[in-house]
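See structure below.
A short reminder: the numbers here are calculations on the coordinates, not readings from a lab. Remember, predicted model here, so these are calculated numbers, not experimental data. Here Cβ is always computed from backbone atoms with ideal geometry, including for glycine, and neighbour counts include all displayed protein chains.
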Amino acid sequence: MSRLVLVRHAQASFLSPNYDQLAPLGEVQARLLGEYWARRHIVFDRVYSGPAVRHRQTVQIAAEAGRKAGLTFPEPLILPEFDEFQGEAVLAQSLPQLCAQNRKIRELREATQLSSNDTEKRANFQRLFEAVISMWINQEIAPPNVETWQDFCARVHRGLTTLLDASAKSELCVIFTSGGPIAIAAQRALHLSAQDTLQLLWMSRNCSFTEFLFSRDRFTLSSFNAFPHLDDDSLLTYR
């Protein structure tokens, strides 16, 4: 059996003008991941990354930390199929009409806007985001010029199929990506519904890793959302 590890990117810069870059805490998380692998002499045969800056920064920092500790770490290949779904575009395009028509969404947005601190704002924003994305997945909203949930799933499955078909026997591969593609990979292994897949997505911690076992006719979940390298509560984040 071969193994495939999917890593969710480290904490990005939520609440800043440019979300798609690692926050200082995210840089620490990524470094700890590389050091963790080095201590356990984990060597990957192939390394891949999604195209986002936060994906590429996570693999770069983890690789540098691993190499500094003597770990062999291949150069990553960028795979666009493992980019995240367009959640920000879904929210931005759908929110004005939803707030005008949907009391729950309007109250969630107001709670986010009136949050008294960053911790409260993160929590309120997450509730709003989850509610809108759930409606998008259920096809209750369809913002124009935005990749649909169905097309997103097809894209990730296409990337997985290409990668798995190209893998040699007993290889160990890693992909640095986002929570969405990780949830779709779990859906593939466990045959989950769209809503169950969404619940897995919300559970994924920054810089956690999920492992699958695979062969030509098998794709099995081995572990989900593991973070043994983040051994302090201050290191655990979702956004």
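Computed quantities for the displayed model
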| quantity | calculated |
| --- | --- |
| Unit charges at the beta carbon, dipole of the chain: most positive-side option, Val43, Ala123, Asn102 | Val43 |
| Fewest-first ranking of Phe214, Phe176, Phe209, using other Cβ atoms within 10 Å as the exposure measure | Phe214, Phe209, Phe176 |
| Packing-based exposure ordering (other Cβ within 10 Å, fewest first) of Met135, Met203 | Met203, Met135 |
| Area projected by the alpha carbon convex hull of the chain, averaged over all directions, nm² | 12.9 |
| For the stretch 87-137, diffusion coefficient by Stokes-Einstein and Kirkwood Rh (Cα), 37 °C, 0.692 mPa s, µm²/s | 302 |
| Thr148-Asp233 pseudo-label distance in nm [points 7 Å out on the Cα-to-Cβ vector] | 4.4 |
| Long-range amide H partners of Ile175 with built H, under 5 Å | Val5, Leu6, Val7, Tyr48 |
| Percent of beta bridges antiparallel (DSSP, the chain, rounded to nearest 5) | 50 |
| Residue with peak Gaussian network fluctuation, the chain [Cα springs, cutoff 10 Å], from Arg31, Arg216, Arg122 | Arg216 |
| Globularity index of the stretch 1-85, i.e. its alpha-carbon radius of gyration over 2.2 N^0.38 Å | 1.08 |
| Sequence-distant lysines (8 or more away, or on other chains) whose Cα lies within less than 26 Å of Lys121 | Lys104 |
| Estimated 222 nm signal from helices in the chain, with DSSP H stretches of n ≥ 4 weighted -39500 (n - 2.57), rounded to 500 | -16000 deg cm²/dmol |
| Sorted peptide list for 165-171, 94-100, criterion being average Cβ within 10 angstrom, highest first | 94-100, 165-171 |
| Unit charges on C-beta of K, R, D, E only; dipole of the chain, Debye | 240 |
| Principal axes of the stretch 82-189: Cα extent on each, largest first, Å | 54, 31, 20 |
| Separation of alpha-carbon centers, the stretch 177-199 and the stretch 11-40, rounded to whole Å | 23 |
